[in-house]
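**Q** Attaching a single structure in structure tokens format; questions to follow.
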Amino acid sequence: TEIYTLSLHDALPIWWQRRLIGPAGLLVFVPLAGFGASPALALALVLLVLSGLGSAWGAGLDGLMIDTAPADLRGRALALSSAGLMFIQGLGFGFWGLVGQYVPVTVVIPAAAAAGVLVVLLLRPRPARPRRRSRLVPPAP
């Protein structure tokens with residue numbers, strides 16, 4: 001899936017990469033809900049491949065970081081973003097692994113998927129809203 005993501009980064013226009021952040025982020029988690037049905041190995045592999053294809057969200061998010069960060073801080077911003085993502089993923093793996101010690105895996109994986117969907121829906125990029133002029137500031141001449 002990493003090769004797919006890299007080719008997606010080169011093949012799609014930047015505006016498409018930005019539009020795919022939310023849907024691709026959802027694609028990471030939605031297939032994992034299928035593990036609630038305790039799928040056979042072949043179906044489990046298909047679900048995992050579909051989930052992996054969702055990692056294409058990273059191309060769009062990196063582009064947003066590059067566009068947003070000042071030129072002299074872009075490297076630091078990308079490094080911090082990557083480190084933060086790895087840290088949060090590690091916390092998630094640890095948490096859901098701990099839960100998996102006490103709860104059946106057919107419950108844990110779909111629960112983790114639902115939590116992931118919620119986070120994507122809450123944190124997905126949204127178009128900037130135009131700012132309204134404050135009534136306290138007079139209009140420019």
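Here, each number is a calculation from the coordinates, and none is a lab measurement. The structure presented is a predicted model; accordingly, all values stated were derived computationally and were not measured. All Cβ positions, even for glycine, are placed from backbone atoms using ideal geometry, and neighbour counts span all protein chains on display.
**Q** Could you rank the peptides 47-55, 101-109 by their average count of other C-beta atoms within 10 Å per residue, with the highest value first?
**A** With the highest mean Cβ count within 10 Å placed first, the list reads 47-55, 101-109.
**Q** With the cut-off at 1.5 for a/c, could you classify the range 1-110 from its C-alpha gyration tensor as rounded, prolate or oblate?
**A** In terms of gyration-tensor shape, oblate.
**Q** Evaluate E = 1/(1 + (r/R0)^6) for Met65 and Leu122, where r is the Cβ-Cβ distance and R0 equals 22 Å; express this FRET efficiency to the nearest 0.05.
**A** Between Met65 and Leu122 the formula returns 0.70.
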